[in-house]
Amino acid sequence: MNTSSIMIAPDPLPDESAASWIQRTCQLHGVTYKQLATSLGVKRCFDPDLTATRKHLCRIAEGTGIPFRVIEPLADSFKAARTHPAVKQLLNFDGKIPAYRFCPKCLVTDRIPYLRTSWRIKGWTICPEHRVKMLERCPTCNARIRATEPCLGVSGETVLGIDHCAACCNPLATPTGSYPEVWLSPTRLRIQQTFLSAARRGVFGVKGYDNRLSVEFLLWLKANPDVVKQLIFSSLVEHPRYGLDYHGVESLVSAYCLERTFKIDLAMLLKRPRKQRDTEWDRWVEKCTEATLKRRQWVPAAKPVDRAVKYSALHPLQAPKVRTRGRLDQKPKPKALRRAK
């Protein structure tokens, strides 16, 4: 077993991904991720954001003086993807290789450039801080920004950072570059935050709707924008006082459940009145509830057993004595005699 360790590693930055921290560690030592993992005696992770465990990251940071409590949160950024495979459909990939988008102004203004966890999300298309459209490729060579490929083109003693392309070693962004601002509506910002929350937790919430919604439902909404607009418009017409908070989400959830349960075409589903859709869904829920109650076996509650009787049955020679006010062989006196005294 290889017990070697590195002496220096960069401190994790706020909202930094595991792949970004590993990439900066490799750039600091001038080695690839495969060489670093081999020297430390660990197995290289194909996608550190999804598969790198706390033990793996703490092994890299061992001997550097960085507390493990600072390293461990890096492994939990996309922990939901390990139990919810649908979360992977919300992340950026170059084929099967993990990839990132990047904000050019963030890379220019950062004192230490690094990759954020939000840059891995497909739905994260505009930087909320600089109002700039996210870029996917190097402006020089048009190469994708891959997660575990650090730029090792070192000029003299200068260590290049994440703001340089791993393919051509040119900077991904320059202070003199032209990056026009775009308008980011509050609705678009909430949608981006929803994608980020779903990728991190495996569920997401909607304002005014108490129940948590699944990633599969979010992907269904993304794949059927016309259906979403039609159902939202019909709910606003039917319930103008309440708006979209509850009734709009309820109509979307019922349409999604009916399509998944009965395999009904969405075009045929939308032709039906909403009352008919709600009635069909309520009948299905009732059938499922009745079937669940029939499968349950009713178990009668056990009668309470006196502790002294139970103990004496198990240990007849060591039965506990029951406390009384007087002696054990003395009978209790009637209440009338007590009052007379």
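Summary table
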{"quantity": "Loop-resident sites, the range 63-96, for trypsin sites (Lys or Arg not before Pro), counting at most 12 other Cβ within 10 Å (DSSP)", "calculated": "96"}
{"quantity": "Karplus 3J(HN,Hα) series, Hz, for the range 56-64 with 6.51 cos²θ - 1.76 cosθ + 1.60 (x for Gly, Pro)", "calculated": "5, 6, 5, 5, 5, 7, 5, x, 9"}
{"quantity": "Potential lengthening between residue 230 and residue 54 on full extension [0.36 nm per residue; Cα-Cα distance subtracted]", "calculated": "58.8 nm"}
{"quantity": "Under Karplus coefficients 6.51, -1.76 and 1.60, residue-wise ³J(HN,Hα) of the range 115-122 in Hz, glycine/proline x", "calculated": "9, 7, 5, 5, 6, 8, 7, 5"}
{"quantity": "Exceeding the 25 Å Cα-Cα cut-off - candidates 34/122; 88/133; 55/88; 79/122; 43/133", "calculated": "34/122; 43/133"}
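Coordinate-derived values only; no laboratory data. Quick caveat, the model's predicted, so the values are computed rather than measured. So basically every Cβ, Gly included, is an ideal-geometry build from the backbone, and we count neighbours across all protein chains shown.
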